[in-house]
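A quick write-up on the structure given underneath.
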Amino acid sequence: MIPEFKNLSQQEVNTIIDAPALVTILIAGAEGKIDEKEIDWGSYVVHFRVSEYESSSMMRVYKEVDKVFNDSVKQFIEGLPQDTDQRSIV
């Protein structure tokens, strides 16, 4: 576990780890159809952040995010409606 997360509940930790995937999906689907290029870009940004925040607490967070990012995105997309308006409600 990331030391900075020791006072957080598991739900709060999950929310932090899931946030980049959810933001990526929000951006990728903003114009209707979820754009695979935007998903790839989100993955790149997360991976880049691991090296950018070298030796910091943020690096530890992004390392955890990087481990699950692609699977999280796929899982969230499968659970979301295809329609943009319906997806926005969720």
Could you point to the label whose value was computed as Cα Rg over 2.2 N^0.38 Å for the structure here, given (1) 1.15; (2) 1.41; (3) 1.06? (1)
Degrees separating the helix 36-52 axis from the principal Cα axis of the chain, which is the longest one: 10 degrees
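Give me the dipole magnitude in Debye, nearest 20, for the chain about the Cα centre, with unit charges on the beta carbon: positive for Lys and Arg, negative for Asp and Glu.
Using Cβ point charges on Lys, Arg, Asp and Glu, the chain gives about 260 debye.
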Principal-axis tilt of helix 57-79 within the chain, Cα atoms, nearest 10 degrees: 20 degrees
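We did not get these values from a lab; they are worked out from the coordinates using the rules stated. It should be emphasised that the depicted structure is a prediction, and the values quoted were computed from it without experimental measurement. Please note: Cβ atoms are built from the backbone with ideal geometry, for glycine as well, and neighbour counts cover all protein chains shown.
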